[in-house]
Amino acid sequence: MADIIDGKAIAAEIRQDIAADTQALIAQGITPGLAVVLVGEDPASRVYVSMKEKACAAAGIYSVEHKLAAETSEADLLKLITNLNDDTDIDGILVQLPLPEHIDESKVLEAIDPTKDVDGFHPYNVGRLMTGNPLFQPCTPYGVMKMLEHHGVDLNGKEVVVVGRSNIVGKPVALMCLAENATVTICHSRTVDLPQKVAAADVVIAAVGRPEMIKGDWIKKGAIVIDVGVNRVGEKKLVGDVDFKAASENAAAITPVPGGVGPMTITMLLYNTIVSAKRRAAQ
Ligand code: NDP
């Protein structure tokens with residue numbers, strides 16, 4: 001049976017370091033600050049934003065939440081971002097996605113000062129990641145990398161198969177694995193013979209959003225499986241993109257859903273905020 005890569009435990013460990021770093025920064029007169037902008041009433045977004053607030057409070061990070069009405073104009077949102085860019089108490093700015101349809105998401109993301117872009121979605125930061133010199137790394141894929149590191153997985157020369165090519169998970173995690181000298185294959189909805197691609201992987205990273213679509217018998221014996229997927233099945237049950245039970249028979253280690261990658265995302269947001277605050281302290 002596979003080892004469980006416990007995201008909750010790893011996240012708790014990293015959050016302890018973050019809290020210690022925060023106290024050290026405060027002692028130097030720098031309180032790390034995160035601004036979270038939420039436009040509209042999307043229930044899932046509201047939950048994420050309140051989780052981020054709580055996590056900041058627990059770590060001692062100053063957080064300010066800007067809750068704007070769904071009908072807020074793009075111009076007003078851009079004005080707020082300009083103010084946050086200029087606010088010297090703020091080290092990180094996060095605009096909760098998705099935005100209402102009348103607002104151009106890329107215009108908003110590009111308005112964020114790249115040195116405060118703790119989500120790592122600004123094209124400048126995407127370019128920095130692409131060229132192997134990242135300023136901020138996007139939180140979910142960065143969390144995946146931390147989990148691999150904590151589990152002692154050396155990616156050098158390994159075959160990594162990433163299933164999914166989104167800008168927020170699939171593509172950046174593939175670049176991060178490449179930076180660790182893995183040989184990376186990115187699969188997507190047009191990939192021919194996905195089972196065969198997955199079967200060749202030493203490390204499988206699933207970020208698809210389809211419940212248990214990656215079957216246990218696709219997984220090579222001894223492979224590492226990281227399941228980013230979060231899929232609601234029925235009223236309450238959450239499952240990943242991988243058939244956890246069957247995959248556990250073949251994998252050497254696997255992340256559960258929930259309790260795997262999920263807790264890492266907010267942790268890496270806090271981590272990036274601290275990185276940014278340390279840069280302010282060093283100025
Ligand atoms: P997207 O919907 O943006 O991307 C999904 C990707 O999966 C696409 O590249 C798509 O291919 C590919 N895909 C869809 N169907 C298939 C298929 N049958 N075979 C192979 N590939 C397929 O999703 P995200 O990247 O935003 O999220 C992926 C999952 O991760 C979701 O379950 C999401 O909830 C979860 N997630 C979890 C986070 C966490 O904190 N734990 C954070 C972010 C996401 P194509 O490009 O061809 O359409």
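Coordinate-derived values only; no laboratory data. Values in this document were obtained by computation on a predicted structure and should not be read as measured data. Please note: Cβ atoms are built from the backbone with ideal geometry, for glycine as well, and neighbour counts cover all protein chains shown.
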May I ask for the percentage of alpha-carbon pairs in the range 206-283 that lie more than 20 Å from each other? 43
Relative contact order [Cα under 8 Å, 6+ residues apart], the range 30-113, whole percent: 42
Assuming a viscosity of 1.002 mPa s and a temperature of 20 °C, what translational diffusion coefficient in µm² per second does Stokes-Einstein assign to the range 139-262, Rh being the Kirkwood radius over Cα pairs? 153
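Nearest 0.05, what FRET efficiency do E101 and N167 give at R0 = 25 Å with Cβ-Cβ as r? Walk me through the intermediate numbers first.
Values: r = 19 Å, r/R0 = 0.74.
With a Förster radius of 25 Å, E is 0.85.
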What's the center-to-center distance, using Cα atoms, between the range 157-196 and the range 203-227 in Å? 12
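Would you mind calculating the relative contact order of the chain from Cα pairs under 8 angstrom and at least 6 residues apart, reporting the percent as a whole number?
On the way: 562 pairs, mean separation 63.6, N = 283.
Computed value for the chain: 22 percent relative contact order.
So in the range 139-262, what percent of DSSP beta bridges are antiparallel if you round to the nearest 5? Mind showing how you got there, number by number?
Numbers: 3 of 19 bridges.
Counting DSSP beta bridges with both partners in the range 139-262, the antiparallel share is about 15 percent.
On a full-extension model of 0.36 nm per residue, what is the gain between E149 and K215, subtracting their alpha-carbon distance, rounded to one decimal in nm?
Taking E149 through K215 to full extension adds about 21.3 nm, to one decimal.
Expressed in nm², what is the orientationally averaged projection area of the convex hull enclosing the Cα positions of the chain? Intermediate results must be reported in sequence, preceding the final value.
Values: hull surface 59.4 nm².
It is 14.9 nm².
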Name the shape class, rounded, prolate or oblate, that the alpha-carbon gyration tensor gives for the range 30-113, where a ≥ b ≥ c are the square roots of its eigenvalues, rounded holds for a/c under 1.5, and otherwise prolate holds if a/b is larger than b/c and oblate otherwise. oblate
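Restricting to DSSP loop positions (anything but H, G, I, E, B) with no more than 10 other Cβ atoms inside 10 Å of their own Cβ, which trypsin sites (Lys or Arg not before Pro) remain in the range 186-263?
Filter output for the range 186-263: R190, K221, K236.
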Measuring from label point to label point, each 7 Å out along Cα→Cβ, what is the Q283 to E65 span in nm? 2.7
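How many percent of DSSP beta bridges within the chain run antiparallel, rounded to 5? Intermediate results must be reported in sequence, preceding the final value.
On the way: 3 of 32 bridges.
Here the share of antiparallel DSSP bridges comes out near 10 percent.
Within the range 84-123, list the GluC sites (Glu not before Pro) lying in a DSSP loop whose Cβ has at most 11 other Cβ atoms in a 10 Å radius. The partial results should precede the final answer.
Working: sites: E101, E105, E110; in loops: E101.
Of the GluC sites (Glu not before Pro), the ones in loops of the range 84-123 whose Cβ has at most 11 other Cβ atoms within 10 Å are E101.
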Taking the range 98-181, which trypsin sites (Lys or Arg not before Pro) meet the DSSP loop condition and have no more than 14 other C-beta atoms within 10 Å? none
Residue of M268, M145, M51 that the Gaussian network model of the chain assigns the largest fluctuation, springs spanning Cα pairs under 10 Å: M51
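For the range 18-165, compute Rg over Rh where Rg is the Cα radius of gyration and Rh is the Kirkwood radius from the inverse mean 1/r over Cα pairs. It would help to have the intermediate numbers written out before the result.
Working: Rg = 16.8 Å, Rh = 17.0 Å.
For the range 18-165, the value is 0.99.
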